[in-house]
Each structure stands twice: as structure tokens, then as C-alpha cells.
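Here the structure comes first, spelled out in C-alpha cells, and everything after it is commentary.
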Amino acid sequence: MTCKRLVELGERAYPIHIGAGMLRELGARCAETESGTRGLIVSDTQVDALYGNAAAESLRAAGFDSARITVPPGEPSKCHEQLLRIYDAALDAGLERSSFIVALGGGVVGDLAGYAAATFLRGVRLIQVPTSLLAMVDSAVGGKTGINLPQGKNLIGAFYQPALVVADTSTLRTLSLREFSAGLAEVVKYGMIADPELIACLEDTSPEALLDDEALLEKIICRSCEIKADVVRRDEREGGVRAILNFGHTFGHAIEQTAGYGRYLHGEAIAMGMVFAARVSERLKDFPPEETERLIRVLQRLHLPVALPDLPWSDLLEAMRRDKKKVDGAVGFVLASAWGAVRYGCRAPESVLESVWRDHGGAGETR
């Protein structure tokens, strides 16, 4: 069982192919993009050991000559040092303007390899092959690429759409349960911003059950991609409505940075960020407290953290002040008035943010 979705961006439109066994079709799908004959597969060491040979063989069978490079797994690889290594590998592989880069892996690899594709020779084709749930439902779709700075996450980057997304749901079976659960945080986000029915699906299942229910898993991934594709179609470069995709991300990114990249997975930080955003929404948008409790129950059922972390408030606040989503110099939030009804670009007074922190479990120092 497979499904296909289209990101409608005029002449830059591209397909998303989703289903079990899709990695075998990578070469054939790349041939449909009119790419040149040479490619570079970028992956992390863990994913390459699992799927690098299969990806390279599929490309070879379709007539492509591909080289491979790996980076260490984890968020610290989204840095200048690894980016320069990819540039060197692309030069060594003889990539030309007609060539392509394959991002084989999770969100870190997709962001890093995507930025390399956007900037090498002023842009070569990008093929996203997500192997984590988070990448399948979110980061591989929409064209956001980038690397981190010590001062914050994704502060260097570019909007650069892929030519193709190939999501093989079979790869999800090699994820740890923790990694799979982290990806479900983004699915919850889609339920909050656009489709409460997604939440209903998740209320009656668990990560373990989802991994054994191929039909439901594919349905959830396809619906998430539909929502993401529709938002990107309306606002490709986040000049307006696309910002709703950041629900939970202002505080979530602050958690990742303050705790140190690696302590929390991205989806875990976003889960805590969504709870915080819901609490702020109660104060500023009359979001019903009972709906916040519903959100918490769903996240807990998915084995995601909901308690505010024991981190210094001053550090979290400083990270939010530096966030690229700030509004006229103030901390900017996506806030909800109801499930499926959110607003972007909301100014959140720091006094309200600290009050929510104090009232709901933040144990760090506040000065």
C-alpha cells in the first residue's frame, strides 16, 4: 500500500511518495526528475549502515553514479564543519549543476544535506529520503534547510525545495521507540493547528500499536504531509500562514539549546513546547484548560514528556529572545483558541511567559 501527495508550487512542484518498500524505487523516481547522472548520498553513520547500500544500488540500477558521505548522528552535526565536508565530497564526486544530493536519514541529515544542495554550485537538485517519522511528516517536506550556530538553532539556512521526497515506511521499524515517539509530536502539532481528527486517531493507540498497524501509520503520515503541503503551497517562505507550523517550537527550540543539543530529541522538546504554548494560550487566547489537559494526555500516551524541564528560566528566556520567530523584537508565539484554530505572530509578554513557567512546574532559577 502506497500513497502519493503533491506539493503544489507551480514549476517547482514535487511529489511525495509514501509506502513500504519505496527505497527500492529511489532510482526510478530520481530518473523522473530529469537529474544528471551523478549524485552524492549524505547520511549519518547509523542510517548508512542500514540503508546506504540499498539506496546506492537503487540509483545504480537506474543508471546513476553515486558517491556516499556520512556524518555523526545527532544535532551537533548541523554545523559548518560537517557542511564543509559535504562540499569537499561533492567536489571529489565531480558533481555538476545538473547533479543531485540525496539526504538519506532523519531531520538532521535532511536539514544539513538540504543546505549543502541549496548552496553548492549555487544549487543542485535535492532528493529527500527521510528514514525517521519526524522527517517524513515534517522536515523533509517544505524546503527548510539549515545549520545551527552556538547561539541558536537553524540561524543559518535557506528555503530550498526538493525535487522529490521518497518516504519508505519500512525504515521506521529500525527506529528506537523513543525516536518513533518523538516523531509523533509533530503529528500532534498538525492536529492542533489544522485537523483535530488526527488527535482522535492518536487517542486510541500507542506508539507500539502504530508500528504494527501499517494502514493507520500510512494514513497518519499521508495526512500530515497533506497539511504541510497545503500550508507550504499558501506560504512557501513563511511570510504569513506558514508560521502556524511553529506551534510549540519557540519554547521547544529554547529547551533544546539551553539543555544542550542531545539531551532531548527534537520531538520531545516540541512536546514540552506545545504544553507551554497551550498554557500561554489559556492566558492570552482563552484556550480552555480542559483542552490543555487533553493535549497532555495524548502526549503522555505517546510516551512524550509534558513536564516543564528543570532549566534556568533566564537562559530559556534569552534563547526565546534570539529566536528567529520574534515579533518586533518581542518573543513571538503561535497560540491557539481551540483545536484547529491557531494564530501566528502573537506577541507574548515576558511577564506572562514567566508566570506560566512559575505556575506549571519550572524549577530553574528565575533571575
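Structure data summary
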| quantity | calculated |
| --- | --- |
| Amide H contacts of Phe287 (H built 1.01 Å from N, under 5 Å, at least 5 apart or other chain) | Glu282 |
| Sequence-distant aspartates and glutamates (8 or more away, or on other chains) whose Cα lies within less than 12 Å of Lys78 | Asp44, Asp111 |
| Residues with amide H under 5 Å from that of Ile101, placed H, sequence gap 5 or more | Leu40, Arg125, Leu126, Ile127 |
| Order of Glu290, Glu57, Glu208 - criterion: other Cβ atoms within 10 Å of each residue's Cβ, fewest first | Glu290, Glu208, Glu57 |
| The stretch 178-359 - Kirkwood radius from inverse mean 1/r over Cα pairs (Å) | 16.4 Å |
| Derived scalar couplings ³J(HN,Hα) [the stretch 197-212; Karplus, 6.51 cos²θ - 1.76 cosθ + 1.60; whole Hz; x for Gly, Pro] | 4, 4, 5, 4, 4, 7, 5, 10, 9, 8, x, 4, 5, 4, 5, 9 |
| Summed residue charge, Cβ within 9 Å of Ser337's Cβ, Lys/Arg positive, Asp/Glu negative | +1 |
| FRET efficiency estimate (nearest 0.05) - Cβ-Cβ, Gln151 to Thr37, R0 30 angstrom | 0.15 |
| ³J(HN,Hα) computed for each position of the stretch 102-112 - Karplus, 6.51 cos²θ - 1.76 cosθ + 1.60, integer Hz, glycine/proline x | 9, 9, 9, x, x, x, 4, 5, x, 5, 5 |
| Restraint check, Lys153/Lys189; Lys153/Lys228; Lys4/Lys285; Lys153/Lys219; Lys4/Lys153, Cα-Cα greater than 28 Å | Lys4/Lys285; Lys153/Lys219; Lys4/Lys153 |
| Relative contact order for the stretch 17-141, counting Cα pairs under 8 Å that sit 6 or more residues apart, in percent | 26 percent |
| Amide N of the stretch 130-153 lying under 20 Å from the label point, which is placed 7 angstrom from the Cα of Thr45 along Cα→Cβ | 131-132 |
| Two-site FRET efficiency, Lys4 against Ala200, from Cβ-Cβ distance with R₀ of 25 Å, rounded to 0.05 | 0.50 |
| Where trypsin sites (Lys or Arg not before Pro) fall in DSSP loop in the stretch 86-163, at most 13 other Cβ within 10 Å | Arg97 |
| Cα-based shape type of the stretch 2-174, given that a ≥ b ≥ c are square roots of the gyration tensor eigenvalues and the cut on a/c is 1.5 | rounded |
| Sum of -39500 (n - 2.57) over DSSP H runs of 4+, divided by residues of the chain (222 nm, nearest 500) | -13000 deg cm²/dmol |
| 13 Å beta-carbon shell around Thr292, net charge (K/R +1, D/E -1) | -1 |
| Amide hydrogen neighbours beyond the local backbone of Arg68, cut-off 5 Å, H modeled | Ile41 |
| Relative contact order computed over the chain (Cα-Cα under 8 Å; 6+ residues apart), in percent | 15 percent |
| In order through the stretch 175-183: 3J(HN,Hα) via Karplus (6.51 cos²θ - 1.76 cosθ + 1.60), integer Hz, x for Gly, Pro | 6, 5, 4, 5, 5, 5, 4, 4, x |
| Under 13 Å, Cβ to Cβ, from Tyr160 - net charge with Lys/Arg +1 and Asp/Glu -1 | +3 |
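Each reported figure results from applying straightforward, stated rules to the coordinates on display, with no laboratory input. Quick caveat: nothing in here was measured; it's all calculated off a predicted structure. Backbone-built Cβ (ideal geometry, glycine too); neighbour counts: all protein chains shown.
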